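Okay, structure first, notes after.
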Protein chains: 2
Amino acid sequence: MTTTTRVVGQSLTRIDAPGKVTGSAIYAADFALPGMLCGKVFRSAEPHARLVKLDTSKALRIPGVRAVITAADAADVRYGAAVKDEPVFASDIVRYRGQPVAAVAATTLGAAEAALAAIEAVYEPLPPVFDLASALAPGAPLVHEGWQSYVAVPILQRDGNVCNRARIVVGDVERGWAEADRIFEHRFTTAMVHQGYTEPRAAVASWDSSGQVTVWSNTQLPFDVQSTLAEILAIAPSKIRVIVPGVGGGFGGKLRVGVEHFAALLAKKSGRPVKIMTTGEEELTAAYPRQGTLIELKTGVTRDGRLTARQGRIYFDTGAFAGSGPGVASVATMVLAGPYRTPNLFLEGYAVYTNKTNCGSYRAPSGPQANFAVESQMDVIADALGIDPLELRLRNIVREGDEGPTGQVLTAVGLEECLLRAAEAIGWKDRRPAPGRGKGIACGWWTTTGGSSGVYVKINPDGTVALNTGAVEIGTGALTGAAQVLAEELGVDLTDINVVSADTFSTPFDFGAQGSRTAFAVGNACRAAAADLRRALFAQAALLLGVSEDALALRDKHVVGPEGRVSLAELARQSQMAGGGMIAHGTFIAPGTAYDTKRVEGHAYPAFHSPSFHAHAVDLSVDEETGEVTIHKYVVAQDVGFALNPTYIEGQIEGGVAQGLGQTLSEEIVYREGRVLNANLTDYKMPTALDVPRVESIIVEHPGLIGPYGAKGVGEPPNVEPPATVANAIAAAIGVRVTSLPITAEKIVMALRERAR
Amino acid sequence: MTTTTRVVGQSLTRIDAPGKVTGSAIYAADFALPGMLCGKVFRSAEPHARLVKLDTSKALRIPGVRAVITAADAADVRYGAAVKDEPVFASDIVRYRGQPVAAVAATTLGAAEAALAAIEAVYEPLPPVFDLASALAPGAPLVHEGWQSYVAVPILQRDGNVCNRARIVVGDVERGWAEADRIFEHRFTTAMVHQGYTEPRAAVASWDSSGQVTVWSNTQLPFDVQSTLAEILAIAPSKIRVIVPGVGGGFGGKLRVGVEHFAALLAKKSGRPVKIMTTGEEELTAAYPRQGTLIELKTGVTRDGRLTARQGRIYFDTGAFAGSGPGVASVATMVLAGPYRTPNLFLEGYAVYTNKTNCGSYRAPSGPQANFAVESQMDVIADALGIDPLELRLRNIVREGDEGPTGQVLTAVGLEECLLRAAEAIGWKDRRPAPGRGKGIACGWWTTTGGSSGVYVKINPDGTVALNTGAVEIGTGALTGAAQVLAEELGVDLTDINVVSADTFSTPFDFGAQGSRTAFAVGNACRAAAADLRRALFAQAALLLGVSEDALALRDKHVVGPEGRVSLAELARQSQMAGGGMIAHGTFIAPGTAYDTKRVEGHAYPAFHSPSFHAHAVDLSVDEETGEVTIHKYVVAQDVGFALNPTYIEGQIEGGVAQGLGQTLSEEIVYREGRVLNANLTDYKMPTALDVPRVESIIVEHPGLIGPYGAKGVGEPPNVEPPATVANAIAAAIGVRVTSLPITAEKIVMALRERAR
């Protein structure tokens, strides 16, 4: 084991930087094959209706059109991770405006668009449910009449439009209410928002004569796309090669099959490679955005600010299909618990079907919504009890050795340090420095997703190292982090590592780029492979140097003995000459986290593995006339365990805050009667570079026991706290609290007028 | 160890068959990238000259031309495996007609060809050497004036135009002559011939902004092309990714960098992907054909046909650069020894520079030429001594436990069985069944080339298996053979194996598709990986089934215990869920073959590893008027050790015989004054389907100790014996012996007239 690190912990240039900076990197959207056709998807114009007629004959006659496919061309299957409820194409009932009904492939985009226009669909409307209230109302129309017949993960608690109810029950909230001096109850709502990745979803599919299809996709989860395509195409996964050339941002929005299945079906029908790339309108009407939510939160406290009980319900408007909703509802309950000691908990997460686009995962799924409620309410409680909000948090936060809400034992808890350093950096002592100006703070915790990772590693005869991983670089720098671990463990430089990634045929399985896990899990798999390689290198070097293996060390690209040394390049060359080369494999899975199974129900994420802790603080001004919010300073203190690459962690923090501020202040997919009103980037308001403040990142390191060098997941957490942090600062600045995201200027002005009345 | 085989030994359908049969397989020549330019090479019009002027300015002005490169654009390096004597482009001296002098890239083929025509080169002729006699004459002009300054493999014996002299000396030939009753001396010549692969050499190169170049090539040796390109481009090998999409035949002609370096240099200069594909004319004037040879052979025998001594010299006309000549000259001495017990040997192989295209390797390099001499002379001796040729061979052949010429101990020697079965199948007892009709027999031995192979293997959760190998499927079916080994060892079907091959970044090192080694070496690497996987599968299954690992066996895609069983799919799924997946790596290198180092000099192949033994026999008629040869039946009996896939071994035998008959009867690259006279497939006469007789394959199995299941190399041997077999049959048929290849109708008629005089 290295005691002083040389590569990890350094802010080295990302391995994917040159291509991305110069524009030469190939993304799935750039990928092209000779003879490739252009595919387009024909989508439902109705939110809930019976499809009574579908005539594609005119489309087929348009010059250049090579294939038109409908449900008749696809296997009669429903797919889905938690609930198998989604057909490839709607054939009978359409369930949201934008649902795929048919697809076309043509030699030009123009011909494909003309074909879409020539498809005739006739609908017979059905009673829709457009929001949580109507979906949950007694006797509400069902989005899926036959929901009981769908195959689903057994643990789910389903009923009608509820496709899962996850629950955590700890102690007895009634006793908690009795012990409380004050009880606070609030309702919060949050909007549906899009991940805003730069590159739209894109895929190219091409079949060969052996019945194998290769799909080049910008998915975050090539192995998941492979198995989903196997269901949809009704062929063995081993006949499906998914390759990810590059991903222009994912943020959870590219976890599920997007256009890959349509490309594959069109390619099969036409006998030609087919590429599909979504438009901006499709992204905002028929992708996998973050669920809007309704949150009811009731918390009991003693006079001195000790939490006695919490009851919470978070309802996710998950749209027409379950998607990741059932799991997200589970995670949400962990966030609702807060990073606090609360003896009595009754927390529920509901994933609810509505006739909207099927929502999915977005960087820390459920995190910003649930944390917005928890941390807004903490400030309300603090104000009501006359306790400083920072102080209230410090009295309640979890600490080393505490239990989490489901009974897991918490270690490497850097939360107090995060809170104190964020508060100090923002100048917490002066919370209201001027009229209309205020500071806010919020904190939280988040999981490092488990899942397994395998790698192949070989040392080349020039001393460089090839790393084969099934993981995907989605733009976070996580594979640079993993490569740093490998370089460190082998005593080489980061620039010596060549990464080959994300090919279901040539790389080992990886659970994929999700849940802040890539550098963590792939890094650990690299450690395992490096350990094997060290053994092989030392065995060979011991013979050459005439010393025992115990006397050897890896340093500066050499195996070093007491008197002589031999380079890795030479050892690899000799090994290649004399026995197949210096190759190894390594695997990793996060060990299970023990928790109390009796505390959970319908729960997909009953423990937070290697959790990270973080605190955000902001200093902002509100123009009381216009409602405009100006952020002066934003601070993030995040316990990353160990910073594998500080610069890229700062990048993740800055990016997470930028996205978080968009969700906090301006972003919302606006539906009216099942139709998106702002399906373009003019009306859907993402922050621009000018809208994002400078973010100060404070990296806190309480090394975990499992991650490489103690590292914890980094990518998602910065997205969790911005809504609450900003809401708290606005309340501090102008004395009104907005409980609905986004906190638009309009809502602020309305709230001020309300108070004035 | 499996006792009854289920997959190996079966004539299963090749894994690459569907793509090749339907035409959907992508070869390097098919490979295309968006924006790709067309590259062409400007070649010397002189065989030996000083290049006094090279003006490319007009070419650059042609519309569509994006790059013109000359020696000034390439690093000032000379490359080569044994002797570093070849520049990328000629800059001062040109050494053969066809040598690259410049290259162009343009948006169309037409523009590229126009650019070639617009390049002006002025030469000042130098005295050339066009054949072996003039190259070896005292005071001959030197093809390389500065040969002493070239870096070369130390063992080579170089002098002037001789770039290697390899030698085997055993006993004392003078004593051998003294013990002999008769001494026979002959000279033989053989022609320069082309490998005749269907797909011309082709490569596409594309650089990215990190300074990495990816080359899609139809090379047989991606790792060798990688390291050669590293020398030529003066960048690290790790910056060069060589991928082989598919190879339309190689036969040794695609062992060395062909057009890859030009494509890479043009792509760099133009900033665009560049593809180069050679024309038929380039193939026949500037590729790596088989060397023409001159062979002097002197053999002493006792009256009863026992060989007492042999002295042999084989001169290879290797062309303007050493290429594989030095090694081929070494191998030749092993073939000259014959598969015979000869106590005294003095054998030499010379590789000689001339001003012709640089010759290379062709299926069993040196084998057909040297065996033609050895086995022709054996028949002459037999006739002279009045001993049946089969009987003469049986009295002299090596047998189990004998020493080879350099002292290696021979095991698994199936030669007697091959001779007897070939003789029986051809009806040897009746050697001259009709006037003008005769039968011939010849035998030989050949090596299974060593070199190391590594593989990565993973079991997928659907029970299929991914095999990553750096080896190339060049059309022999060798990777099917290796996959059969893997399937056998893992208890799955061949159709369960997916092969990913030949990518210097994502696959482990492999010595490449050469020397009949692929199924042998990759198969053994697969055995190593499978052994690891079995351990992991058994360990996991033992826990699940509650039994000890000793009680388990692999059968029918399951690990089977005394009472229960669990599928590989389930074990892989669990392992993926619980620990990175069922992955393994395996390596193999053939162990060294002990030989007497004192017997060899300048020798690159001092022992034949896991040698194969074979006998060919033919029944043919000769039309004495026209000289036309009609083959009635051709028989091959080949000791393959163990037949991994009988059908594909038959395919190799049939293909090797077809190529062998072309070299025997019609093929010759005809040079006059350094210019190829027949640089097209009309005048260069390869056999067509109608010219090839039905071949009867007799598979003999004397299992070797090293190869998987005892397999030996299979691909090259069938190319060794056809010339001698046919020459012997012609002599039997019409009583004249032609000692010069090809044995054209014209030569037969001339020989008959000569005899008549």
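The values are calculated or read from the model by the stated rules, or taken from the named source; none is laboratory data. These numbers were taken from a predicted model, which means no experiment stands behind them. With ideal geometry, Cβ positions are generated from the backbone for all residues, glycine too; neighbour counts draw on all protein chains shown.
Only one of B:492, B:547, B:472 is away from every other protein chain (no Cβ under 14 Å), over 24 Å from the mean Cα position of the chain (by Cα) and either in a loop (DSSP other than H, G, I, E, B) or not hydrophobic (A, V, I, L, M, F, W, C) (or both). Can you tell me which? It would help to see each step written out before you state the result.
Values: B:492 fails: away from every other protein chain (no Cβ under 14 Å); B:472 fails: over 24 Å from the mean Cα position of the chain (by Cα).
Answer to the selection: B:547.
Checking residue A:249 against (1) touching a residue at least 60 places away in the same chain (Cβ under 8 Å); (2) closer than 22 Å to residue A:87 by Cα; (3) in a loop (DSSP other than H, G, I, E, B), only one condition comes out false. Which one?
Exception for residue A:249: condition (2).
Are any of the residues in the range A:432-447 in contact (Cβ under 8 Å) with a residue 40 or more places away in the chain, surrounded by 23 or more Cβ atoms within 10 Å (Cβ to Cβ) and either within 14 Å of chain B (Cβ to nearest Cβ) or part of a helix (DSSP H, G or I) (or both)?
Taking the range A:432-447 first, the residues in contact (Cβ under 8 Å) with a residue 40 or more places away in the chain are A:432-434, A:436-447.
Imposing the further condition that a residue be surrounded by 23 or more Cβ atoms within 10 Å (Cβ to Cβ) reduces the set to A:439-447.
The next check asks that each one be either within 14 Å of chain B (Cβ to nearest Cβ) or part of a helix (DSSP H, G or I) (or both); those that pass are none.
No, the range A:432-447 contains no residue that is in contact (Cβ under 8 Å) with a residue 40 or more places away in the chain, surrounded by 23 or more Cβ atoms within 10 Å (Cβ to Cβ) and either within 14 Å of chain B (Cβ to nearest Cβ) or part of a helix (DSSP H, G or I) (or both).
Have a look at A:586, A:581 and point out the one that is within 14 Å of chain B (Cβ to nearest Cβ), in contact with a Phe, Trp or Tyr (Cβ under 7 Å, 6 or more places away or on another chain) and not aliphatic (A, V, I, L, M).
Exactly one of A:586, A:581 is within 14 Å of chain B (Cβ to nearest Cβ), in contact with a Phe, Trp or Tyr (Cβ under 7 Å, 6 or more places away or on another chain) and not aliphatic (A, V, I, L, M), namely A:581.
Every residue, every condition in (1) under 25 Å from the mean Cα position of the chain (by Cα); (2) assigned to a loop (DSSP other than H, G, I, E, B), yes or no:
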residue	(1), (2)
B:310	no, no
B:314	yes, no
B:326	yes, no
B:335	yes, no
B:342	no, yes
B:348	yes, no
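Which one is farthest from the other protein chains (Cβ to nearest Cβ) among residues in the range A:558-578 that are touching a helix residue (DSSP H, G or I) at 6+ places or on another chain (Cβ under 6 Å) and within 27 Å of residue B:580 (Cβ to Cβ)?
This residue is A:559.
Which number in (1) farther than 30 Å from residue B:24 by Cα; (2) within 14 Å of chain B (Cβ to nearest Cβ) marks the one condition that residue A:120 misses?
Condition not satisfied by residue A:120: (2).
Among the residues in the range A:38-60, are any of a type in the set (A, V, I, L, M), closer than 21 Å to residue A:202 by Cα, in contact with a Ser or Thr (Cβ under 9 Å, 6 or more places away or on another chain) and touching a residue at least 12 places away in the same chain (Cβ under 8 Å)?
Checked the range A:38-60: at least one residue is of a type in the set (A, V, I, L, M), closer than 21 Å to residue A:202 by Cα, in contact with a Ser or Thr (Cβ under 9 Å, 6 or more places away or on another chain) and touching a residue at least 12 places away in the same chain (Cβ under 8 Å).
Just wondering, is there one or more residues in the range A:212-228 that are in contact (Cβ under 8 Å) with a residue 24 or more places away in the chain, under 30 Å from residue A:364 (Cβ atoms), in contact with an Asp or Glu (Cβ under 6 Å, 6 or more places away or on another chain) and within 14 Å of chain B (Cβ to nearest Cβ)?
no
Could you grab me the full set of residues in the range A:471-490 that are over 24 Å from residue A:608 (Cβ atoms) and in contact with a Phe, Trp or Tyr (Cβ under 7 Å, 6 or more places away or on another chain)?
Hit for the range A:471-490 is A:480, nothing else.
List pairs: first residue in the range B:454-468 and more than 7 Å from chain A (Cβ to nearest Cβ) and within 13 Å of residue A:505 (Cβ to Cβ), second residue assigned to a loop (DSSP other than H, G, I, E, B) and at pLDDT 95 or above anywhere in the structure, Cβ distance under 8 angstrom, at least six positions apart or on different chains.
B:465/B:492
Among the numbered criteria (1) aliphatic (A, V, I, L, M); (2) modelled with pLDDT under 95; (3) part of a helix (DSSP H, G or I), which single criterion is violated by residue A:604?
(3)
If residue B:539 meets every condition in (1) in contact with a Ser or Thr (Cβ under 8 Å, 6 or more places away or on another chain); (2) surrounded by fewer than 21 Cβ atoms within 10 Å (Cβ to Cβ); (3) free of Cβ contacts under 8 Å to residues at least 24 places away in the same chain apart from one, which number is that one?
Of everything listed in (1) in contact with a Ser or Thr (Cβ under 8 Å, 6 or more places away or on another chain); (2) surrounded by fewer than 21 Cβ atoms within 10 Å (Cβ to Cβ); (3) free of Cβ contacts under 8 Å to residues at least 24 places away in the same chain, residue B:539 misses just condition (1).
State all residues of the range B:275-299 that are hydrophobic (A, V, I, L, M, F, W, C), out of contact with any Phe, Trp or Tyr (no Cβ under 8 Å at 6 or more places or on another chain) and either buried (at least 24 other Cβ atoms within 10 Å of the Cβ) or not in a loop (DSSP other than H, G, I, E, B) (or both); if no residue qualifies, say none. Show your work before the answer.
Of all residues in the range B:275-299, those hydrophobic (A, V, I, L, M, F, W, C) come to B:276-277, B:284, B:286-287, B:294-295, B:297.
Imposing the further condition that a residue be out of contact with any Phe, Trp or Tyr (no Cβ under 8 Å at 6 or more places or on another chain) reduces the set to B:277, B:287.
Selection gives B:277 alone.
Please determine whether any residue of the range B:170-192 is touching a strand residue (DSSP E or B) at 6+ places or on another chain (Cβ under 6 Å), more than 29 Å from residue B:347 (Cβ to Cβ), surrounded by 17 or more Cβ atoms within 10 Å (Cβ to Cβ) and not basic (Lys, Arg).
No, that holds for no residue.
Taking residue B:35, is it out of contact with any Ser or Thr (no Cβ under 6 Å at 6 or more places or on another chain), of a type outside the set (A, V, I, L, M, F, W, C), within 14 Å of another protein chain (Cβ to nearest Cβ) and under 23 Å from residue B:107 (Cβ atoms)?
It is true that residue B:35 is out of contact with any Ser or Thr (no Cβ under 6 Å at 6 or more places or on another chain), of a type outside the set (A, V, I, L, M, F, W, C), within 14 Å of another protein chain (Cβ to nearest Cβ) and under 23 Å from residue B:107 (Cβ atoms).
Of all the residues that make up the range B:487-499, how many are crowded, with 24+ Cβ neighbours inside 10 Å and small (Gly, Ala, Ser)?
1
Which one of the conditions (1) in a loop (DSSP other than H, G, I, E, B); (2) buried (at least 24 other Cβ atoms within 10 Å of the Cβ); (3) within 14 Å of another protein chain (Cβ to nearest Cβ); (4) among the hydrophobic types (A, V, I, L, M, F, W, C) does residue B:322 fail to meet, given that it meets all the rest?
Against the list (1) in a loop (DSSP other than H, G, I, E, B); (2) buried (at least 24 other Cβ atoms within 10 Å of the Cβ); (3) within 14 Å of another protein chain (Cβ to nearest Cβ); (4) among the hydrophobic types (A, V, I, L, M, F, W, C), residue B:322 comes up short only on (3).
I'd like to verify a number: residues in the range A:146-173 that are without any contact (Cβ under 8 Å) to a residue 24 or more places away in the chain and among the acidic types (Asp, Glu), how many?
Total satisfying the criteria: 1.
Can you pull out every residue in the range A:235-270 that is small (Gly, Ala, Ser), more than 25 Å from the chain's Cα centre (by Cα) and modelled with pLDDT of 95 or more?
A:264, A:267, A:270
What's the number of the condition residue B:730 fails, among (1) within 21 Å of the chain's Cα centre (by Cα); (2) closer than 25 Å to residue B:294 by Cα?
(1)
Could you tell me which residue of the range B:500-529 is farthest from the other protein chains (Cβ to nearest Cβ), considering only residues that are crowded, with 24+ Cβ neighbours inside 10 Å and aromatic (Phe, Trp, Tyr)?
Here the answer is B:520.
Which ones in the range A:1-27 are within 14 Å of chain B (Cβ to nearest Cβ) and touching a Pro at 6+ places or on another chain (Cβ under 6 Å)?
Residue satisfying the conditions is A:26 alone.
Checking residue A:30 against (1) surrounded by fewer than 16 Cβ atoms within 10 Å (Cβ to Cβ); (2) within 14 Å of chain B (Cβ to nearest Cβ): exactly one of these is not met. Which one?
Only one criterion in (1) surrounded by fewer than 16 Cβ atoms within 10 Å (Cβ to Cβ); (2) within 14 Å of chain B (Cβ to nearest Cβ) is unmet by residue A:30, namely (1).
Would you say residue A:533 is within 22 Å of residue B:504 (Cα to Cα), within 11 Å of chain B (Cβ to nearest Cβ) and either in contact with a His (Cβ under 6 Å, 6 or more places away or on another chain) or at pLDDT 95 or above (or both)? Spell out the reasoning first.
Details: within 22 Å of residue B:504 (Cα to Cα): yes; within 11 Å of chain B (Cβ to nearest Cβ): yes; either in contact with a His (Cβ under 6 Å, 6 or more places away or on another chain) or at pLDDT 95 or above (or both): yes.
Yes.
Return only the number of the condition from (1) in contact (Cβ under 8 Å) with a residue 24 or more places away in the chain; (2) surrounded by fewer than 24 Cβ atoms within 10 Å (Cβ to Cβ); (3) more than 14 Å from every other protein chain (Cβ to nearest Cβ) that residue A:484 does not satisfy.
(2)
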